[in-house]
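What follows is one structure encoded as C-alpha coordinates, with my remarks underneath.
The values are calculated or read from the model by the stated rules, or taken from the named source; none is laboratory data. Quantities reported herein were computed from a predicted structural model and do not represent experimental measurements. Here the Cβ positions follow ideal geometry from the backbone for every residue, glycine too, while neighbour counts run over all protein chains shown. Each accessible area value is taken on the protein alone, full model and side chains, heavy atoms only, with ligands, DNA and RNA left out. Shrake-Rupley method; radii C 1.70, N 1.55, O 1.52, S 1.80 Å.
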Amino acid sequence: MQPEVQTSFKPANGAKGWKVWWQLTRPHTLTAAFVPVLIGTALAISDTDIHFGLFLAMLLASLLIQAATNMFNEYYDFKRGLDTEESVGIGGAIVRDGIKPKTIMQIALSLYGISMLLGVYICMQTSWWLAAVGLVCMAVGYLYTGGPLPIAYTPFGELFAGFFMGMMIILISFYIQTGTVSLTSVLVSFPILLLVGAILLANNIRDFDGDKAFGRKTLAILIGREGAVKLLAAMFIVSYAWVFILIFTGVSSPWLALVVLSTPKAIKATKGFIGKSIPVTMMPAMVATAQTNTIFGFLLSIGLFLGYFL
(Lines give C-alpha, C1' and ligand atoms only; values in the text may rest on other atoms or scores of the structure.)
Protein backbone atom coordinates (compact mmCIF):
# COMPACT_ATOMS: atom_id res chain seq x y z
CA MET A 1 0.00 0.00 0.00
CA GLN A 2 1.54 3.28 -1.11
CA PRO A 3 1.51 6.17 1.39
CA GLU A 4 -0.82 9.06 0.73
CA VAL A 5 0.77 12.18 -0.69
CA GLN A 6 -0.22 15.81 -0.49
CA THR A 7 -3.33 16.65 -2.49
CA SER A 8 -3.81 20.06 -3.97
CA PHE A 9 -4.23 21.61 -7.38
CA LYS A 10 -1.04 23.47 -6.52
CA PRO A 11 1.92 21.06 -6.55
CA ALA A 12 4.03 20.49 -3.51
CA ASN A 13 7.24 21.70 -5.16
CA GLY A 14 5.83 25.16 -5.86
CA ALA A 15 5.69 24.84 -9.63
CA LYS A 16 2.78 26.45 -11.40
CA GLY A 17 -0.28 24.23 -11.30
CA TRP A 18 -1.14 24.41 -14.99
CA LYS A 19 2.36 23.26 -15.94
CA VAL A 20 2.02 20.19 -13.77
CA TRP A 21 -1.28 19.23 -15.35
CA TRP A 22 0.05 19.92 -18.83
CA GLN A 23 3.13 17.76 -18.17
CA LEU A 24 0.84 15.04 -16.83
CA THR A 25 -0.47 14.58 -20.39
CA ARG A 26 3.17 14.06 -21.52
CA PRO A 27 2.78 16.51 -24.41
CA HIS A 28 5.80 15.21 -26.33
CA THR A 29 3.82 12.00 -26.96
CA LEU A 30 0.63 13.70 -28.16
CA THR A 31 2.00 14.21 -31.66
CA ALA A 32 2.11 10.41 -31.89
CA ALA A 33 -1.72 10.61 -31.77
CA PHE A 34 -2.09 13.70 -33.96
CA VAL A 35 0.14 12.63 -36.85
CA PRO A 36 -1.69 9.33 -37.68
CA VAL A 37 -5.04 11.14 -37.88
CA LEU A 38 -3.52 13.67 -40.26
CA ILE A 39 -1.98 10.95 -42.43
CA GLY A 40 -5.21 8.94 -42.59
CA THR A 41 -7.11 12.06 -43.64
CA ALA A 42 -4.46 13.01 -46.20
CA LEU A 43 -4.73 9.53 -47.70
CA ALA A 44 -8.51 9.91 -47.96
CA ILE A 45 -8.48 13.23 -49.81
CA SER A 46 -7.82 11.56 -53.14
CA ASP A 47 -10.90 9.34 -52.72
CA THR A 48 -13.52 11.62 -51.22
CA ASP A 49 -14.41 15.05 -49.88
CA ILE A 50 -13.13 15.45 -46.35
CA HIS A 51 -15.72 15.61 -43.57
CA PHE A 52 -14.06 18.08 -41.20
CA GLY A 53 -16.43 17.28 -38.33
CA LEU A 54 -15.30 13.65 -38.38
CA PHE A 55 -11.68 14.73 -38.73
CA LEU A 56 -11.86 16.97 -35.67
CA ALA A 57 -13.77 14.37 -33.63
CA MET A 58 -11.22 11.68 -34.49
CA LEU A 59 -8.33 14.03 -33.74
CA LEU A 60 -9.67 15.04 -30.34
CA ALA A 61 -10.58 11.48 -29.38
CA SER A 62 -7.08 10.26 -30.29
CA LEU A 63 -5.41 13.02 -28.29
CA LEU A 64 -7.61 12.33 -25.25
CA ILE A 65 -6.96 8.59 -25.39
CA GLN A 66 -3.21 9.20 -25.64
CA ALA A 67 -3.30 11.62 -22.70
CA ALA A 68 -5.39 9.18 -20.64
CA THR A 69 -2.98 6.34 -21.47
CA ASN A 70 -0.12 8.48 -20.19
CA MET A 71 -2.02 9.10 -16.98
CA PHE A 72 -2.67 5.37 -16.51
CA ASN A 73 1.07 4.95 -16.96
CA GLU A 74 1.74 7.58 -14.30
CA TYR A 75 -0.71 5.96 -11.89
CA TYR A 76 0.47 2.37 -12.25
CA ASP A 77 4.19 3.19 -12.33
CA PHE A 78 3.68 4.87 -8.96
CA LYS A 79 1.56 2.05 -7.55
CA ARG A 80 4.16 -0.52 -8.54
CA GLY A 81 7.01 1.55 -7.10
CA LEU A 82 8.70 2.37 -10.41
CA ASP A 83 8.36 6.15 -10.03
CA THR A 84 10.37 7.90 -7.33
CA GLU A 85 11.51 11.48 -6.84
CA GLU A 86 14.81 10.50 -8.47
CA SER A 87 13.19 9.01 -11.58
CA VAL A 88 14.30 10.55 -14.87
CA GLY A 89 11.56 11.63 -17.27
CA ILE A 90 8.58 13.88 -17.67
CA GLY A 91 6.41 11.82 -15.32
CA GLY A 92 6.29 12.47 -11.60
CA ALA A 93 3.08 14.35 -10.90
CA ILE A 94 2.52 12.02 -7.96
CA VAL A 95 6.02 11.61 -6.50
CA ARG A 96 7.33 15.13 -7.16
CA ASP A 97 4.27 17.36 -7.47
CA GLY A 98 1.97 16.00 -4.80
CA ILE A 99 -1.02 15.03 -6.94
CA LYS A 100 -3.19 12.26 -5.50
CA PRO A 101 -3.07 8.98 -7.46
CA LYS A 102 -6.87 8.80 -7.22
CA THR A 103 -7.17 12.21 -8.87
CA ILE A 104 -5.01 11.13 -11.81
CA MET A 105 -7.06 7.97 -12.31
CA GLN A 106 -10.31 9.96 -12.21
CA ILE A 107 -9.03 12.40 -14.82
CA ALA A 108 -7.85 9.56 -17.06
CA LEU A 109 -11.24 7.83 -16.87
CA SER A 110 -12.99 11.15 -17.57
CA LEU A 111 -10.89 11.62 -20.71
CA TYR A 112 -11.87 8.11 -21.75
CA GLY A 113 -15.51 9.03 -21.16
CA ILE A 114 -15.25 12.09 -23.42
CA SER A 115 -13.51 9.97 -26.05
CA MET A 116 -16.40 7.50 -25.97
CA LEU A 117 -18.89 10.31 -26.57
CA LEU A 118 -16.85 11.44 -29.56
CA GLY A 119 -16.77 7.83 -30.68
CA VAL A 120 -20.58 7.67 -30.57
CA TYR A 121 -20.72 10.71 -32.87
CA ILE A 122 -18.23 9.09 -35.27
CA CYS A 123 -20.17 5.81 -35.29
CA MET A 124 -23.46 7.62 -35.93
CA GLN A 125 -21.90 9.20 -39.00
CA THR A 126 -20.13 6.06 -40.26
CA SER A 127 -20.47 2.53 -38.86
CA TRP A 128 -21.18 1.06 -35.43
CA TRP A 129 -18.55 -1.59 -36.11
CA LEU A 130 -16.05 1.12 -35.26
CA ALA A 131 -17.33 1.03 -31.68
CA ALA A 132 -15.80 -2.42 -31.20
CA VAL A 133 -12.51 -1.32 -32.79
CA GLY A 134 -12.41 1.81 -30.64
CA LEU A 135 -13.09 -0.11 -27.44
CA VAL A 136 -10.25 -2.53 -28.22
CA CYS A 137 -7.88 0.41 -28.78
CA MET A 138 -8.95 1.97 -25.48
CA ALA A 139 -8.55 -1.35 -23.66
CA VAL A 140 -5.00 -1.66 -24.99
CA GLY A 141 -4.30 1.89 -23.79
CA TYR A 142 -5.34 0.91 -20.27
CA LEU A 143 -3.72 -2.52 -20.29
CA TYR A 144 -0.42 -1.08 -21.47
CA THR A 145 0.47 -0.43 -17.83
CA GLY A 146 -2.71 -1.60 -16.05
CA GLY A 147 -4.07 -5.06 -15.37
CA PRO A 148 -2.37 -8.15 -13.91
CA LEU A 149 0.18 -8.43 -16.77
CA PRO A 150 0.88 -4.97 -18.23
CA ILE A 151 1.84 -4.99 -21.91
CA ALA A 152 4.64 -2.54 -21.10
CA TYR A 153 6.31 -5.21 -18.96
CA THR A 154 6.53 -7.64 -21.89
CA PRO A 155 8.55 -7.70 -25.13
CA PHE A 156 5.38 -6.76 -27.06
CA GLY A 157 5.00 -3.15 -25.92
CA GLU A 158 6.50 -1.65 -29.09
CA LEU A 159 4.35 -3.84 -31.33
CA PHE A 160 1.09 -3.03 -29.54
CA ALA A 161 1.86 0.70 -29.39
CA GLY A 162 2.89 0.86 -33.05
CA PHE A 163 -0.11 -1.13 -34.25
CA PHE A 164 -2.87 0.44 -32.17
CA MET A 165 -1.55 4.00 -31.77
CA GLY A 166 0.04 4.18 -35.22
CA MET A 167 -1.41 1.99 -37.94
CA MET A 168 -4.93 1.58 -36.51
CA ILE A 169 -5.45 5.32 -36.02
CA ILE A 170 -4.42 5.93 -39.64
CA LEU A 171 -6.78 3.23 -40.90
CA ILE A 172 -9.70 4.40 -38.76
CA SER A 173 -9.12 8.01 -39.86
CA PHE A 174 -9.10 6.83 -43.48
CA TYR A 175 -12.17 4.64 -43.01
CA ILE A 176 -14.39 7.29 -41.44
CA GLN A 177 -13.81 9.48 -44.50
CA THR A 178 -14.03 6.83 -47.25
CA GLY A 179 -16.06 3.97 -45.77
CA THR A 180 -13.34 1.45 -46.62
CA VAL A 181 -9.74 0.45 -45.96
CA SER A 182 -7.48 0.28 -49.00
CA LEU A 183 -4.24 -1.64 -49.52
CA THR A 184 -2.47 1.69 -50.06
CA SER A 185 -3.62 3.00 -46.69
CA VAL A 186 -2.24 -0.12 -45.00
CA LEU A 187 1.09 0.11 -46.83
CA VAL A 188 1.53 3.84 -46.13
CA SER A 189 0.73 3.34 -42.44
CA PHE A 190 3.47 0.75 -41.89
CA PRO A 191 6.37 3.22 -41.36
CA ILE A 192 4.31 5.02 -38.71
CA LEU A 193 3.76 1.71 -36.93
CA LEU A 194 7.54 1.38 -36.76
CA LEU A 195 8.18 4.95 -35.65
CA VAL A 196 5.54 4.94 -32.91
CA GLY A 197 7.04 1.66 -31.71
CA ALA A 198 10.46 3.34 -31.84
CA ILE A 199 9.31 5.93 -29.30
CA LEU A 200 8.51 3.13 -26.84
CA LEU A 201 11.77 1.34 -27.63
CA ALA A 202 13.73 4.54 -26.96
CA ASN A 203 11.95 4.88 -23.62
CA ASN A 204 12.81 1.29 -22.73
CA ILE A 205 16.47 1.77 -23.71
CA ARG A 206 16.66 4.72 -21.33
CA ASP A 207 14.95 2.79 -18.52
CA PHE A 208 16.94 -0.40 -19.18
CA ASP A 209 18.62 -0.73 -15.77
CA GLY A 210 15.58 0.32 -13.74
CA ASP A 211 13.23 -1.96 -15.67
CA LYS A 212 15.62 -4.88 -15.28
CA ALA A 213 15.84 -4.29 -11.53
CA PHE A 214 12.03 -4.32 -11.26
CA GLY A 215 11.72 -7.53 -13.24
CA ARG A 216 10.21 -6.06 -16.39
CA LYS A 217 10.82 -8.15 -19.54
CA THR A 218 10.83 -5.44 -22.18
CA LEU A 219 12.13 -5.99 -25.69
CA ALA A 220 15.22 -3.94 -24.84
CA ILE A 221 16.01 -6.24 -21.91
CA LEU A 222 15.33 -9.33 -24.01
CA ILE A 223 17.84 -8.40 -26.74
CA GLY A 224 20.20 -6.31 -24.61
CA ARG A 225 20.99 -2.59 -24.61
CA GLU A 226 23.31 -2.73 -27.63
CA GLY A 227 20.87 -4.91 -29.55
CA ALA A 228 18.03 -2.50 -28.76
CA VAL A 229 20.01 0.44 -30.14
CA LYS A 230 20.71 -1.54 -33.32
CA LEU A 231 17.02 -2.41 -33.59
CA LEU A 232 16.11 1.27 -33.18
CA ALA A 233 18.45 2.16 -36.05
CA ALA A 234 16.95 -0.64 -38.15
CA MET A 235 13.42 0.65 -37.51
CA PHE A 236 14.45 4.07 -38.76
CA ILE A 237 16.15 2.62 -41.86
CA VAL A 238 13.20 0.40 -42.75
CA SER A 239 10.76 3.31 -42.33
CA TYR A 240 12.61 5.45 -44.87
CA ALA A 241 13.32 2.55 -47.22
CA TRP A 242 9.65 1.54 -47.14
CA VAL A 243 8.55 4.98 -48.35
CA PHE A 244 10.96 4.85 -51.28
CA ILE A 245 9.79 1.35 -52.18
CA LEU A 246 6.23 2.71 -52.31
CA ILE A 247 7.43 5.51 -54.58
CA PHE A 248 9.46 3.28 -56.92
CA THR A 249 6.61 0.76 -57.24
CA GLY A 250 4.15 3.52 -58.13
CA VAL A 251 2.00 3.02 -55.03
CA SER A 252 2.60 6.55 -53.77
CA SER A 253 3.55 9.96 -55.11
CA PRO A 254 7.23 10.95 -55.41
CA TRP A 255 6.38 13.84 -53.07
CA LEU A 256 6.54 11.37 -50.19
CA ALA A 257 10.32 11.54 -50.58
CA LEU A 258 10.08 14.69 -48.45
CA VAL A 259 10.42 12.40 -45.43
CA VAL A 260 14.20 12.37 -45.98
CA LEU A 261 14.27 15.85 -44.44
CA SER A 262 13.68 14.18 -41.07
CA THR A 263 16.76 11.92 -41.29
CA PRO A 264 19.02 14.22 -39.21
CA LYS A 265 16.73 13.64 -36.22
CA ALA A 266 16.82 9.87 -36.74
CA ILE A 267 20.62 9.94 -36.91
CA LYS A 268 20.78 12.09 -33.79
CA ALA A 269 18.46 9.72 -31.96
CA THR A 270 20.51 6.65 -32.83
CA LYS A 271 23.88 8.23 -32.04
CA GLY A 272 22.50 9.61 -28.78
CA PHE A 273 22.04 6.10 -27.38
CA ILE A 274 25.35 4.61 -28.47
CA GLY A 275 27.67 4.00 -25.53
CA LYS A 276 25.24 5.54 -23.02
CA SER A 277 23.97 3.88 -19.86
CA ILE A 278 22.98 6.79 -17.57
CA PRO A 279 19.30 7.67 -18.12
CA VAL A 280 19.67 11.46 -18.02
CA THR A 281 22.32 11.38 -20.76
CA MET A 282 19.87 9.58 -23.06
CA MET A 283 17.06 12.13 -22.74
CA PRO A 284 18.16 14.09 -25.87
CA ALA A 285 18.08 10.85 -27.87
CA MET A 286 14.58 10.09 -26.59
CA VAL A 287 13.40 13.57 -27.61
CA ALA A 288 15.00 13.14 -31.04
CA THR A 289 13.18 9.81 -31.49
CA ALA A 290 9.81 11.43 -30.79
CA GLN A 291 10.72 14.35 -33.08
CA THR A 292 11.63 11.92 -35.86
CA ASN A 293 8.14 10.42 -35.68
CA THR A 294 6.52 13.85 -35.69
CA ILE A 295 8.55 15.38 -38.51
CA PHE A 296 8.43 12.20 -40.61
CA GLY A 297 4.65 12.04 -40.19
CA PHE A 298 4.07 15.69 -41.04
CA LEU A 299 6.29 15.44 -44.12
CA LEU A 300 4.50 12.26 -45.17
CA SER A 301 1.16 14.10 -44.86
CA ILE A 302 2.47 17.07 -46.84
CA GLY A 303 3.72 14.68 -49.52
CA LEU A 304 0.27 13.07 -49.74
CA PHE A 305 -1.44 16.47 -50.02
CA LEU A 306 1.03 17.69 -52.67
CA GLY A 307 0.63 14.45 -54.60
CA TYR A 308 -3.10 15.10 -54.78
CA PHE A 309 -3.13 18.83 -55.50
CA LEU A 310 -0.16 18.84 -57.89
Could you tell me which residue of segment 148-192 is nearest to the chain's Cα centre (by Cα), considering only residues that are under 30 Å from I223 (Cβ atoms) and in a loop (DSSP other than H, G, I, E, B)?
-> F156
Do we find a residue being open to solvent by less than 20 Å² (accessible area, probe 1.4 Å), modelled with pLDDT of 75 or more and among the aromatic types (F, W, Y) anywhere in segment 48-71?
-> no
Return the pairs, sorted by first residue and then second, in which the second residue is open to solvent by 50 Å² or more (accessible area, probe 1.4 Å) and not in a loop (DSSP other than H, G, I, E, B), the first residue lies in segment 175-187 and is within 17 Å of V251 (Cβ to Cβ), the beta carbons are less than 7 Å apart, and the residues are 6+ apart or on different chains.
-> V181/Y175
Out of (1) among the small types (G, A, S); (2) touching a residue at least 24 places away in the same chain (Cβ under 8 Å); (3) open to solvent by 50 Å² or more (accessible area, probe 1.4 Å), the one A132 does not meet is (2)
Sort out which residues of segment 263-292 are of a type outside the set (D, E, K, R), open to solvent by 50 Å² or more (accessible area, probe 1.4 Å) and assigned to a helix (DSSP H, G or I), and write them in order of number.
-> P264, I267, V280, T281, M283, P284, V287, Q291
When you look at G227, is it open to solvent by 20 Å² or more (accessible area, probe 1.4 Å), part of a helix (DSSP H, G or I) and without any contact (Cβ under 8 Å) to a residue 40 or more places away in the chain, yes or no?
-> yes
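Does segment 120-129 hold any residues that are outside any loop (DSSP other than H, G, I, E, B) and open to solvent by 20 Å² or more (accessible area, probe 1.4 Å), and which are they? Don't jump to the end; show me each part of the working.
At the first step, the residues of segment 120-129 found to be outside any loop (DSSP other than H, G, I, E, B) are 120-125, 129.
Passing the criteria: V120, Y121, M124, Q125, W129.
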Every residue from segment 168-196 that is open to solvent by 10 Å² or more (accessible area, probe 1.4 Å) and in contact with a Phe, Trp or Tyr (Cβ under 7 Å, 6 or more places away or on another chain) | V181, F190, L193
